[in-house]
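No value in this document is a laboratory result; all are computed from the given coordinates. Predicted, not measured: the structure shown is a model, and the values here were computed from it. Note: ideal-geometry Cβ built from the backbone for every residue, glycine included; neighbour counts use all protein chains shown.
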């Protein structure tokens with residue numbers, strides 16, 4: 001299980017780098033255009049992914065993270081958002097790299113801001129949600145990119161470069 005979690009952290013980095021590269025080929029207006037997605041635009045969805053990652057990392061690390069809404073815009077500027085994404089991915093990979101198999105069995109407890117009731121999950125399950133959430137919303141971004149004529153390329157986990165033989 002620990003190798004799975006570490007592979008998912010590496011997949012997260014790989015996909016975010018590729019996705020941000022694809023998004024950089026669009027104008028700021030196109031990235032921010034309301035395309036009818038849940039978080040309206042590519043920019044809004046990228047902001048949401050980063051916000052959610054920060055919320056979950058604060059839970060995993062036992063610290064707090066303040067936010068008003070899951071639609072909060074953390075960064076209006078794409079380059080700032082991209083730098084913050086890269087820094088958060090480094091934080092995630094470093095934290096996951098320090099986990100042991102036994103850590104995955106411990107209980108994660110927190111109170112959600114959206115539905116303020118106590119929550120308790122095994123850490124492995126919360127991490128599965130964390131990485132699945134990222135993948136879900138990146139899938140939305142890839143659809144929006146395709147609608148704007150940008151092919152983000154292969155996004156399947158199985159194509160993670162370190163698992164490709166030469």
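Annotations
- Using C-alpha pairs below 8 Å separated by at least 6 residues, the relative contact order for the chain is 32 percent.
- In Å, descending, principal axis extents of the Cα set of the stretch 1-151: 45, 33, 23
- 158, 2, 42 arranged by Cβ crowding within 10 Å, fewest neighbours leading: 158, 2, 42
- With Cα atoms, 0 to 90° folded angle of helix 2-23 axis to the chain main axis: 20
- The stretch 93-143 and the stretch 1-79: distance between their alpha carbon centers, rounded to Å: 15
- Stretchable slack from residue 129 to residue 29, in nm (0.36 nm times residue separation minus alpha-carbon distance): 32.8 nm
- Per-residue ellipticity at 222 nm from helix content only, as computed over the chain with -39500 (n - 2.57) for each DSSP H run of at least four residues, stands at -19000 deg cm²/dmol.
- Spacing of the two label points (7 Å from each Cα toward its C-beta) at residue 136 and residue 7, in nm: 2.2
- Each label point was placed 7 Å from the Cα along the Cα-to-Cβ direction; for residue 77 and residue 57 their separation is 2.0 nm.
- Under a Gaussian network description of the chain, with springs only between Cα atoms under 10 Å, the residue in 71, 85, 33 that fluctuates furthest is 33.
- Once the Cα-Cα distance is subtracted from the 0.36 nm per residue extended length, the residue 113 to residue 143 segment shows a gain of 7.9 nm.
- Protection proxy ranking of 147-157, 130-140, 108-118 - average other beta-carbon atoms within 10 Å, highest first: 130-140, 147-157, 108-118
- Mean Cα-pair separation over length for the stretch 86-133, i.e. relative contact order, pairs under 8 Å, 6 or more apart, %: 27
- Spin-label proximity, residue 93 to the stretch 3-23 - amide N less than 12 Å from point 7 Å beyond Cα toward beta carbon: 7-18
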